[in-house]
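Scroll down for the structure; my scribbles are underneath it.
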Amino acid sequence: MAGKLTQTQIIAKLAEQANVSKKEAKGFLGMLSELAYKETKRNGEFTFPGVGKLVKSRRKARTGRNPATGEPIKIPAKTVLKFRIAKAAKDAILGAATTKKTKK
């Protein structure tokens, strides 16, 4: 398989590796997604062990600039979602040497 995996391909791989039906794998993936949404909404974060953390974050109101006119505009406060990649995932994908922080 070349390119990105589709949802169907992910479900097929999970079903094959876990030795379950595709229907059960799809159900599991759906339940995991639902759990992530509910827990993030309720607690402000959800951790996928070894992958990363889904975090709800509050942005303060601030002043920005209209790029066309340069005039100041007010940007309202809002809540955003962020996904923070786990160190284990970074090391597995990029290699351990690339995740070290350098001192300034």
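Each reported figure results from applying straightforward, stated rules to the coordinates on display, with no laboratory input. Computed from a predicted model, the values in this text were never measured in an experiment. Counting neighbours? That spans all protein chains shown, and the Cβs are built from the backbone with ideal geometry, glycine included.
Observations
- Placing a label point 7 Å from the Cα of Leu81 along the Cα-to-Cβ direction, the residues of the stretch 1-35 with a backbone N closer than 17 Å are 7, 29-35.
- Highest average first, the peptides 8-15, 63-70, 44-51 ordered by how many other beta carbon atoms sit within 10 Å of their residues are 8-15, 44-51, 63-70.
- Calculated FRET efficiency, Ala92 to Thr63, Cβ-Cβ distance, R0 = 30 Å: about 0.15 to the nearest 0.05.
- When log10 I(q)/I(0) by the Debye sum over Cα atoms at q = 0.12, 0.19, 0.23 Å⁻¹ is computed from the coordinates, the matching label among (1) -0.70, -1.08, -1.19; (2) -0.37, -0.88, -1.22; (3) -0.55, -1.05, -1.25 is (1).
- Set of aspartates and glutamates near Lys53 by C-alpha distance (under 18 Å), chain-local residues within fewer than 8 positions excluded: Glu34, Glu39, Glu45, Asp91
- Projected label distance in nm at Glu71 and Ala12, using a 7 Å step from Cα toward the beta-carbon: 5.6
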